[in-house]
Amino acid sequence: MSATDVTSAEATEAAEAAVEAIASSASKEVAFSMELTQDQKDIRDWVHGFAADVMRPAAHEWDEKEKTPWPIIQEAAKIGLYGFEGIAQFFADPTGLGLPIVNEELFWGDAGIGMSIMGTSLAVAAIFGQGTGEQIGEWIPRCFGTPDDVKVAAFCSSEPNAGSDVSAVRTTAKYDEATKEWVLNGQKAWATNGGISDVHVVIATVDRELKSRGHAAFVVPMSEAKGISEGAKVSKHGLRASHTADVYLDDCRIPENYVLGGKEKLDERLARAKEGKKNKSNASMATFEASRPTVGAQALGIARAAYEYALDYAKEREQFGKKIIENQSIAFTLARMKMEIDAARLLVWRASWMGRNQVPFENAEGSMSKLKAGEVAVWVTERAIQILGGNGYTREFPVERFHRDAKIYDIFEGTAEIQQLVISRAISGMYIK
């Protein structure tokens with residue numbers, strides 16, 4: 001028997017052994033699966049039904065009105081989609097996919113209305129991530145109100161001169177020893193639900209010399225605190241059914257225990273920072289890091305809506321005696337649209353699983369998911385307009401709105417440039433500027 005024969009025989013034996021191993025493991029539980037659980041499928045289908053039946057028919061109307069769709073938020077609250085119990089159920093999913101699945105379906109329905117429903121979750125994430133157990137129990141339910149008296153909440157971080165550069169926050173929080181109160185002064189910009197919320201979570205600097213390490217998050221309830229007021233409402237390019245406004249704080253006084261995490265822990269953290277010791281991420285960045293995969297899922301919903309609309313249109317629209325999808329240029333574009341959406345979803349799901357299971361983002365996987373999904377949403381919606389041609393440029397067809405809504409995902413909660421900066425620092429271990 002030759003060496004070749006021996007090699008061939010060994011290869012055959014190895015192949016047979018591999019087949020047997022695969023067959024024997026088929027009935028065993030596997031650690032990795034891309035299949036959604038039945039509960040996840042049920043939630044996805046439930047939210048999709050609400051998005052299709054309630055949100056989509058109203059999308060154009062509320063986009064034109066540029067007003068908060070309170071009746072739709074209330075409908076979501078009545079069925080348990082909007083509220084403390086709902087968000088807790090979605091977050092409790094041990095795979096981390098609950099929130100991304102819900103967000104993708106809502107934003108498939110309409111991004112502006114979707115943001116009106118989910119905008120509260122950013123403030124909730126800040127309270128949950130940084131608050132004490134007592135603060136979580138008190139403030140998160142108040143963010144939502146009740147089905148009969150619906151409320152929204154606002155996360156106030158950005159300022160006119162402090163967007164991507166969170167260290168430039170100028171809003172101050174000074175402690176008044178005599179009254180045991182915090183006194184906040186400053187202006188917040190681009191606040192989703194700003195001024196119309198009961199609960200505002202405000203990022204302010206307690207020690208300006210420490211820059212971002214001197215920041216803290218404060219709960220400012222509009223129904224109780226004096227000195228907080230709504231500024232100018234922003235007229236936006238997209239997400240027009242979602243309220244965005246400035247928030248002013250003018251000697252706004254709140255009780256000592258309204259700082260998230262408690263004053264004692266804040267004092268300890270500031271002391272460590274003054275000594276040059278490392279602390280956890282600052283108040284703004286901790287919230288953004290936790291929310292980035294979910295924001296990516298929102299962008300996915302918009303992209304998927306545009307892709308599906310363009311696909312259906314291309315299969316029906318005829319030019320030169322044939323369906324336009326029969327042209328390779330159209331068919332290949334749709335193929336890439338589908339591929340890019342699926343690729344972005346995998347990044348979103350990976351980051352969501354990592355975040356839920358406390359796996360460190362060693363390579364900035366959260367930023368990767370948000371960056372990719374945002375860029376895909378902008379590109380896919382633009383391609384959808386191109387496929388529809390002149391029709392895509394009119395407000396009679398929704399792809400024009402999809403495109404307007406998508407662009408913000410290249411900008412808010414960390415611009416595409418900032419995400420690349422975060423990723424480059426993570427993979428290099430160097431402070432890239």
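Out of (1) of a type in the set (Gly, Ala, Ser); (2) under 14 Å from VAL380 (Cα atoms); (3) surrounded by fewer than 11 Cβ atoms within 10 Å (Cβ to Cβ), the odd one out for GLY301 is which?
Unmet condition: (3).
Quickly run through the range 261-277 and pick out the residues that are surrounded by 14 or more Cβ atoms within 10 Å (Cβ to Cβ) and in a helix (DSSP H, G or I).
Of everything in the range 261-277, those that are surrounded by 14 or more Cβ atoms within 10 Å (Cβ to Cβ) and in a helix (DSSP H, G or I) turn out to be LYS263, LYS265, LEU266, ARG269, LEU270, ALA273.
Are any residues in the range 334-373 acidic (Asp, Glu) and either exposed (fewer than 14 other Cβ atoms within 10 Å of the Cβ) or in contact (Cβ under 8 Å) with a residue 60 or more places away in the chain (or both), and if so, which ones?
ASP342, GLU362
Looking at the range 231-243 only, could you name the residues that are of a type in the set (Ser, Thr, Tyr) and either touching a helix residue (DSSP H, G or I) at 6+ places or on another chain (Cβ under 6 Å) or closer than 10 Å to SER116 by Cα (or both)?
Result: SER242, single match.
Of all residues in the range 343-402, which are within 14 Å of the chain's Cα centre (by Cα) and either in the same structural domain as ILE101 (by TED's automatic domain parsing) or aromatic (Phe, Trp, Tyr) (or both)?
Residue satisfying the conditions is TRP349 alone.
Kindly establish whether LYS280 is part of a loop (DSSP other than H, G, I, E, B), of a type outside the set (Asp, Glu) and modelled with pLDDT of 90 or more.
For LYS280, the condition - part of a loop (DSSP other than H, G, I, E, B), of a type outside the set (Asp, Glu) and modelled with pLDDT of 90 or more - is not met.
If you take the residues in the range 149-163 that are at pLDDT 95 or above and part of a loop (DSSP other than H, G, I, E, B), which one is farthest from the chain's Cα centre (by Cα)?
LYS151
Which count do you get for residues in the range 74-97 that are crowded, with 23+ Cβ neighbours inside 10 Å, modelled with pLDDT of 95 or more and in a helix (DSSP H, G or I)?
Qualifying residue count, the range 74-97: 1.
If you go through the range 183-220, how many residues are in contact with a Ser or Thr (Cβ under 9 Å, 6 or more places away or on another chain) and closer than 20 Å to GLY137 by Cα?
7
Can you pull out every residue in the range 380-400 that is surrounded by 17 or more Cβ atoms within 10 Å (Cβ to Cβ) and among the aromatic types (Phe, Trp, Tyr)?
PHE397
All but one of (1) in a strand (DSSP E or B); (2) at negative phi; (3) surrounded by fewer than 21 Cβ atoms within 10 Å (Cβ to Cβ) hold for LYS188; state the number of the condition that does not hold.
The failed condition is (3).
Mind counting the residues in the range 197-208 that are buried (at least 18 other Cβ atoms within 10 Å of the Cβ) and either touching a helix residue (DSSP H, G or I) at 6+ places or on another chain (Cβ under 7 Å) or assigned by TED's automatic domain parsing to the domain that holds VAL124 (or both)?
Looking only at that region, the number is 6.
Can you name every residue in the range 323-333 that is in a helix (DSSP H, G or I) and free of Cβ contacts under 8 Å to residues at least 24 places away in the same chain?
Within the range 323-333, ILE325, GLU326, GLN328, SER329, ALA331, PHE332 meet the criteria.
Could you identify the single residue in LYS174, LYS226, LYS211, LYS236 that is modelled with pLDDT of 95 or more, outside the structural domain of ILE73 (by TED's automatic domain parsing) and either outside any strand (DSSP E or B) or under 30 Å from ASP410 (Cβ atoms) (or both)?
Just one listed residue meets the conditions, LYS236.
To keep it simple, each residue is scored yes or no on (1) under 20 Å from TYR258 (Cβ atoms); (2) touching a residue at least 60 places away in the same chain (Cβ under 8 Å); (3) assigned by TED's automatic domain parsing to the domain that holds GLY301.
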| site | (1), (2), (3) |
| --- | --- |
| GLN130 | yes, yes, no |
| GLY133 | yes, no, no |
| ARG142 | yes, yes, no |
| SER164 | no, yes, no |
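Looking at GLY49, is it free of Cβ contacts under 8 Å to residues at least 60 places away in the same chain and farther than 18 Å from ALA153 by Cβ?
Against the criterion (free of Cβ contacts under 8 Å to residues at least 60 places away in the same chain and farther than 18 Å from ALA153 by Cβ), GLY49 qualifies.
I'd like the full set of residues that are charged (D, E, K, R) and either closer than 21 Å to LEU106 by Cβ or modelled with pLDDT of 95 or more (or both), limited to the range 287-317.
Listed by number, the residues that qualify are ARG292, ARG304, GLU308, ASP312, LYS315, GLU316, ARG317.
The values are calculated or read from the model by the stated rules, or taken from the named source; none is laboratory data. This one's a predicted model, so the numbers in the text were calculated from it and none came from an experiment. All Cβ positions, even for glycine, are placed from backbone atoms using ideal geometry, and neighbour counts span all protein chains on display.
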